[in-house]
Amino acid sequence: MRIFADRLPEQLAKQLSNVYLIFGNEPLLLQESRESIQKAAKEQGFDERHRFAIDNSLDWNQVYDCTQALSLFSSRQVIELDLPESGVNAAIAKELLAISEHIHNDILLILVGTKLTKAQENAKWFKALSNQGHWVSCLTPDVSRLPQFVQARCRQIGLTPDPEAIQMLAQWHEGNLFALTQSLEKLALQYPDGKLTLVRLEESLSRHNHFTPFHWSDALLAGKGNRAQRI
């Protein structure tokens, strides 16, 4: 089942699944999702954690050995697999499909990778694993969704920005959500009443947005001249 990163805490509060597939292009959401699952697993008795980077030197027997643990004799195991940026090739796909057959209640598998392709979504290994848990989507909010993302983040830490402040926070932190998190924490300390206005932001923050050539070309192709010029 697919869920978005911002709904993951809600899902974890209800039930801890055996498999979590964390995929996306946003480092902040990837990190927060991984940490949320680790914390929930720790609270439910998964005391051992093993992390493997999947590359040509990985000994898959070490991964299979972890799946043999049973809570009667040892701690419950969290197995984290980090996929290479190049994605899943045929050899890796074969191993992941085999791993899917070794999942049980004393194992929690976390698979982390970059943005999924349509081909990967339809692959046998992905379907076999996602059927046993959740696919957590960690995509960077686009420019149209970023203000909503900012507002939700503000709400989480007790900040109440006005509409102009939300727009400025979104513009000044586009492409750099780590900086957005830091800025909001700073503002929460600086303004205990939680009220954020344009004036307060201008007095407290500077621009932290990070653009790529793709942001610029997308704006040009969409005919958004002002946005292209700003980028």
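The values are calculated or read from the model by the stated rules, or taken from the named source; none is laboratory data. The model shown is predicted, which means the values in this text are computed figures rather than measured ones. Don't worry about glycine lacking a Cβ; one is built from the backbone with ideal geometry, like all the others, and counts go over all protein chains shown. These accessible areas exclude ligands, DNA and RNA; they are computed on the full protein's heavy atoms, side chains included. Shrake-Rupley method; radii C 1.70, N 1.55, O 1.52, S 1.80 Å.
Normalised by residue number, the volume inside the convex hull of the Cα atoms of the range 103-193 is 139 Å³ per residue. Relative to the longest principal axis of the C-alpha atoms of the chain, give the angle of the C-alpha long axis of helix 27-43, reported between 0 and 90° and rounded to the nearest 10°. Its long axis makes an angle of about 50 degrees.
With loop membership from DSSP and a limit of 12 other Cβ atoms within 10 Å, the longest segment of the chain without trypsin sites (Lys or Arg not before Pro) is 1-144.
In terms of Cα atoms, the Rg and Dmax of the range 102-154 work out to 15.1, 42 Å. Strictly greater than 23 Å: what percent of every Cα pair in the range 1-160 meets that? Counting pairs separated by more than 23 Å, the tail of P(r) holds 39 percent.
Amide H contacts under 5 Å for residue 50: 78, 79, 80, restricted to partners 5 or more places along the chain or on a different chain, H placed in the peptide plane at 1.01 Å from N.
Shown in residue order for the range 129-140 are the 3J(HN,Hα) couplings computed by the Karplus curve 6.51 cos²θ - 1.76 cosθ + 1.60 at θ = phi - 60°: 7, 5, 5, 9, x, 10, 9, 9, 8, 10, 7, 5 Hz (x for Gly and Pro).
Between the helical axis of 163-173 and the dominant principal axis of the chain, each derived from Cα atoms, what acute angle in degrees is found, rounded to the nearest 10? In the chain, helix 163-173 runs at an angle near 60 degrees to the longest axis. Dipole size of the chain about its Cα centre, with +1 on Lys/Arg Cβ and -1 on Asp/Glu Cβ: approximately 580 debye, rounded to the nearest 20.
Compared with the alpha-carbon gap, the fully stretched path from residue 38 to residue 127 is longer by 29.8 nm at 0.36 nm per residue. How far is the Cα center of the range 39-98 from the Cα center of the range 159-184, in Å? Result: 36 Å between the Cα centres. Among 33, 217, 144, the largest mean-square fluctuation in a Gaussian network model of the chain, built with springs joining Cα atoms closer than 10 Å, belongs to 217. Here the accessible area is traced with a 1.4 Å probe on the protein chains. For the chain, carbon and sulfur cover 51 percent of it. Using all pairs of distinct alpha-carbon atoms, the Kirkwood hydrodynamic radius of the range 21-115 works out to 13.9 angstrom.
Under a 5 Å amide H cut-off, with hydrogens placed 1.01 Å from N, residue 160 pairs with 195, 196 among residues at least 5 apart or on other chains.
Aspartates and glutamates within cross-link reach of residue 42: Cα-Cα under 19 Å, excluding same-chain residues under 8 positions apart? Straight-line reach from residue 42, under 19 Å: 10, 32, 80, 106. Relative to the longest principal axis of the Cα atoms of the chain, the long axis of helix 177-190 lies at roughly 60 degrees. Enumerate lysine pairs in the range 85-223 that are 8 or more residues apart or on different chains, then count those whose Cα atoms are under 25 Å apart. Count of close lysine pairs: 8. What the phi angles of the range 220-226 give under the Karplus curve with 6.51, -1.76 and 1.60, with θ = phi - 60°, is a coupling list of 5, 5, 7, x, 9, x, 5 Hz, glycine and proline written as x.
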